[in-house]
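Inspection log for the structure reproduced underneath, given as structure tokens.
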Amino acid sequence: MKKLVTWTFAISLVVSAVRHPHTQNPAPQLGKNTVKEVVAAMTTEEKAKLLVGMGLSDDSPDLPMSEEAKKLPEKVPGAAGRTHAIPRLGIPSLTLADGPAGVRIKPRRNNTDKTYYATGFPIATLLASSWDTDLVNRVGAAFGSEAHDYGIDILLAPGMNIHRNPLGGRNFEYYSEDPLVTGSMAGAFVRGVQSKGVGASIKHFAGNNQEFNRRQSNSVIDERALREIYLKSFEIAVRDSNPWTVMSSYNLINGTFTSESRQLLTDLLRGEWGFKGFVMSDWWGGNDPIAQMKAGNDLLMPGLVHQTELIVKAVNDGTVSREQLDTNVERVLNIILQTPTFKQVKYSDQPDLQAHAQLARAAATEGMVLLKNDNKTLPLTRARKVALLGNSSYDLVAGGTGSGDVNKKYVISLDQGLAAAGFTLDDSLKDTYTKFITEEKAKRPRVPWFLLPPPIPEMPIGVDRLQQLANDAELAIVTVGRNSGEFNDRKVEDDFTLSTTERAFIENVSKVFHAQGKKVVAVLNIGGPIEIASWRSKVDAILLAWQPGQEGGHAIADVLTGKVNPSGKLATTFPVSYADVPSAKTFPGRELVGKPPLVRGPFAGKPSEAVYDESIYVGYRHYNTLGVKPAYEFGYGLSYTSFDYGDVVLSSNGARYDISVTVKNTGRVPGREVVQLYVSAPQQKLKKPESELRSFAKTRMLQPGESQKLTFSINTKDLASYDPACSCWVVEKGTYIAKVGASSLDVRGSAPFKL
Ligand code: BGC
């Protein structure tokens, strides 16, 4: 009897302990206790675990996952990573997913027939070409709500490295060659994402402007260029949008891995700019977990078991202080507290894909750039019979590859877009292309999902066939397509320049159609600049459609038909030739033969170095200072209407200058105009570019005859240059000139002011 009572007592104790864990286990709980109390209750092993991700699900023997992680089913299949949970302290596991063109998860189907596709938005370079931060903010909000609805806590976007060279393999994921455009776009995007209760991660911090040997490439950048160009964009975004996280980059800057640089991640990012969130590494980035902890790279992603062990050992033997470790942990916990997972918010798995597709289509039209339009070839105001030529007309490149890709449900090709807009296309031509593309694709070697397969050749078409097509159709539309992605940069031959087949093809189409008085329109379906100057005279109009996302075919048709009047302008220069690019000789760097590897493992690459010897003279800062005329300059873009600029009026109020201009639509159709404010500074101690973009704005939709006054406000400190002699920002005395332009070369009015 006594035994039975004892057992009953013991069982009830266990039951009560399960029901009321606190009575038995008084460990503090995240959210109920302070972060400091939770940290104080954590063991060193738990802290190290929190600072190292759970590993990848498709792990390889080289990159093992912890036993614990292997047992836990992924919350969101296909997400890029997750952090460890510590249930004892109420700390949940976070889910992190890419990326810059949409939420990248596995498009699986579950037993209720629900699918998990995500919206394929236009690439970041297109979004920046809209020069419309409100639009980018709305796009960011759509990303945020999609991430939220799919159960993701942190979106690994936006990518915001500078377009240093047109061949950068990931430029499509990035915005611009200019830090103000980049920082403003990224800030607007982050505010949008985070308005939906999920976090963003601005990446890749910093100086990651080439893919060549990316895991051990040393970017050699002088202090002024770093501050004014490569760090400036991040500074603007951090100050503007308080991102929850920053992702450090793979590369080194001046000999130190960015993820191991305390100067970068602690002194500058937090000390000077006031960043409050946590820093995570790029996937397997950097080399020494201890140096990363000390630098302020708080979370190592996707996480390797031995990193946890190294951290525990370093804490125990005093190599890294307990205070440092606690600081890293606190930063991660402070963000966890804000996440939907921590807040146990229910997620629907049903984002509004229809609304987002509409937004993707509208955004795509806003960022397309009309480069050429002789004799008002465009818009095609009535639907006609069109000869649609070029592989990518039937196989649109919606976006780039790698982590900047998205598992989207469909891509609207250009033939589908034109057909839906009422155009008549040649079915047999479509069949020939479709067959050719399928066969050529089947010949390619198979590559893992994150790599770009080799491009297929442009389908050759004989002159006789072109002749037939020209007899039948009223005009020709020719597309030129390009793709790129992680791990590789683009190349000059057959990528920046047209291939011999493409060149002959455009030449023939031009001859045959023009002989019959029929026009030729080129549509560029590309992620970064290509050479255009040598062949543009062959065509009557050129629309730069970029890689426009899943609704691309509809969006291109919207612009070609004038349903949308193009208002995009270039946020990156299209040079005449590759040799004109300031970093042509030093990009993507050179391998340091004989130097021992800094990192090992899959995709480790080789030690190499990229010397940024053009300094601050990147993009238009170079072309316009040296008087090198580009094919299409920074800020350039045509419209189906025309705009007049009134007088530039400048007023000063202490350290603030207000510069205003009235823009009038003088054409026949409604349109929007991107207006840019450049400032030329006096050449005193520091050399200055001819002028630099200091502000920009886009008008609302102006009806024919309608005007809008735009006012740009700049502060004296916005005019500062970084002086390496004092390691400080300086605004030099003298006469400055505010220039209001329709592009960096098309200045419509100016006003001087003295400082
Ligand atoms: C890329 C990051 C990406 C990460 C996770 C890395 O290879 O550089 O941009 O967020 O993978 O997919």
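Working carefully through the options 142, 118, 147, 157, find the one that is more than 24 Å from residue 248 (Cα to Cα), crowded, with 24+ Cβ neighbours inside 10 Å and within 16 Å of the ligand (Cβ to nearest atom).
118
Taking residue 125 and the conditions (1) among the polar types (S, T, N, Q); (2) more than 30 Å from residue 620 (Cα to Cα); (3) within 16 Å of the ligand (Cβ to nearest atom), which numbered condition does it fall short on, given that it satisfies the others?
For residue 125, the failing item is (2).
Just the residues that are open to solvent by 10 Å² or more (accessible area, probe 1.4 Å) and within 16 Å of the ligand (Cβ to nearest atom), please, taken from the stretch 389-402.
Those that are open to solvent by 10 Å² or more (accessible area, probe 1.4 Å) and within 16 Å of the ligand (Cβ to nearest atom): 399, 401.
Hey, any hits in the stretch 57-64 for a residue that's among the small types (Gly, Ala, Ser), under 24 Å from residue 198 (Cα atoms) and open to solvent by 30 Å² or more (accessible area, probe 1.4 Å)?
yes
Yes/no matrix, rows are residues, columns are (1) touching a Phe, Trp or Tyr at 6+ places or on another chain (Cβ under 8 Å); (2) modelled with pLDDT of 95 or more:
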site: 92; (1), (2): yes, yes
site: 106; (1), (2): yes, no
site: 112; (1), (2): no, no
site: 144; (1), (2): no, yes
site: 149; (1), (2): yes, yes
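If you check residue 446 against the conditions, is it modelled with pLDDT of 95 or more and either part of a helix (DSSP H, G or I) or closer than 19 Å to residue 401 by Cα (or both)?
Judged against the criteria, residue 446 is not a match.
Kindly check whether there is at least one residue in the stretch 380-394 that is closer than 22 Å to residue 542 by Cα, modelled with pLDDT of 95 or more and within 23 Å of the chain's Cα centre (by Cα).
Within the stretch 380-394, one or more residues are closer than 22 Å to residue 542 by Cα, modelled with pLDDT of 95 or more and within 23 Å of the chain's Cα centre (by Cα).
Got at least one residue in the stretch 561-577 being surrounded by fewer than 19 Cβ atoms within 10 Å (Cβ to Cβ) and in a helix (DSSP H, G or I)?
Looking for residues that are surrounded by fewer than 19 Cβ atoms within 10 Å (Cβ to Cβ) and in a helix (DSSP H, G or I), one finds none in the stretch 561-577, hence no.
Please work out if residue 745 is open to solvent by less than 30 Å² (accessible area, probe 1.4 Å), under 23 Å from residue 367 (Cα atoms) and at pLDDT 95 or above.
So residue 745 fails the test.
Among the residues of the stretch 498-526, count how many are buried (at least 18 other Cβ atoms within 10 Å of the Cβ) and closer than 25 Å to residue 165 by Cα.
Going through the stretch 498-526 one residue at a time, the tally reaches 7.
Tell me, yes or no, whether the stretch 250-257 has at least one residue that is open to solvent by less than 20 Å² (accessible area, probe 1.4 Å), within 17 Å of the chain's Cα centre (by Cα), over 28 Å from residue 694 (Cβ atoms) and in contact (Cβ under 8 Å) with a residue 24 or more places away in the chain.
The answer is yes; a qualifying residue exists.
Do we have residue 76 as within 16 Å of the ligand (Cβ to nearest atom), at pLDDT 95 or above and either under 28 Å from residue 347 (Cα atoms) or not basic (Lys, Arg) (or both) here?
Against the criterion (within 16 Å of the ligand (Cβ to nearest atom), at pLDDT 95 or above and either under 28 Å from residue 347 (Cα atoms) or not basic (Lys, Arg) (or both)), residue 76 does not qualify.
Residue 312: more than 31 Å from the chain's Cα centre (by Cα) and either in contact (Cβ under 8 Å) with a residue 24 or more places away in the chain or surrounded by 17 or more Cβ atoms within 10 Å (Cβ to Cβ) (or both), yes or no? Let's see the steps before the verdict.
Values: more than 31 Å from the chain's Cα centre (by Cα): yes; either in contact (Cβ under 8 Å) with a residue 24 or more places away in the chain or surrounded by 17 or more Cβ atoms within 10 Å (Cβ to Cβ) (or both): yes.
For residue 312, the condition - more than 31 Å from the chain's Cα centre (by Cα) and either in contact (Cβ under 8 Å) with a residue 24 or more places away in the chain or surrounded by 17 or more Cβ atoms within 10 Å (Cβ to Cβ) (or both) - is met.
Between a residue in the stretch 394-419 that is under 16 Å from residue 487 (Cα atoms) and any residue that is among the hydroxyl-bearing types (Ser, Thr, Tyr) and surrounded by 23 or more Cβ atoms within 10 Å (Cβ to Cβ), which pairs come within a Cβ distance under 8 Å, given they are 6 or more apart or on different chains?
Sorted first by the residue in the stretch 394-419, then by its partner, the pairs are 400/484; 401/484.
I'd like to verify a number: residues in the stretch 212-231 that are open to solvent by less than 20 Å² (accessible area, probe 1.4 Å) and of a type outside the set (D, E, K, R), how many?
Selection size over the stretch 212-231: 8.
Conditions (1) away from the ligand (no atom under 16 Å from the Cβ); (2) of a type in the set (S, T, N, Q); (3) closer than 30 Å to residue 341 by Cβ, marked per residue:
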position: 193; (1), (2), (3): no, no, yes
position: 197; (1), (2), (3): yes, no, yes
position: 207; (1), (2), (3): no, no, no
position: 214; (1), (2), (3): no, no, no
position: 223; (1), (2), (3): yes, no, no
position: 228; (1), (2), (3): yes, no, no
position: 234; (1), (2), (3): no, no, yes
position: 260; (1), (2), (3): yes, no, yes
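For residues that are more than 16 Å from the ligand (Cβ to nearest atom) and open to solvent by 10 Å² or more (accessible area, probe 1.4 Å), tally how many sit in the stretch 87-106.
Of the residues in the stretch 87-106, 5 are more than 16 Å from the ligand (Cβ to nearest atom) and open to solvent by 10 Å² or more (accessible area, probe 1.4 Å).
Is there any pair with a first residue in the stretch 325-336 that is open to solvent by less than 10 Å² (accessible area, probe 1.4 Å) and a second that is among the charged types (D, E, K, R) and assigned to a helix (DSSP H, G or I) whose Cβ atoms are under 6 Å apart and which are 6 or more apart or on different chains, and what are they?
Every condition considered, the pairs that remain are 325/47; 329/47.
Scan the stretch 304-326 residue by residue and report those that are in a loop (DSSP other than H, G, I, E, B) and at pLDDT 95 or above.
Within the stretch 304-326, 317, 318, 319, 320, 321 qualify.
Do you know which residues across the stretch 258-286 are small (Gly, Ala, Ser) and within 21 Å of the chain's Cα centre (by Cα)?
259, 277, 281, 285
Step by step: first the residues of the stretch 339-371, then only those that are touching a helix residue (DSSP H, G or I) at 6+ places or on another chain (Cβ under 9 Å) and hydroxyl-bearing (Ser, Thr, Tyr), then the one that is least open to solvent (accessible area, probe 1.4 Å). Which residue is that?
365
The values are calculated or read from the model by the stated rules, or taken from the named source; none is laboratory data. Computed from a prediction, not measured in an experiment: that's the story for all the values here. Cβ atoms come from the backbone with ideal geometry, glycine included; neighbour counts cover every protein chain shown. Note: accessible area is taken over every heavy atom of the protein model, side chains too, but ligands, DNA and RNA are not part of it. Shrake-Rupley method; radii C 1.70, N 1.55, O 1.52, S 1.80 Å.
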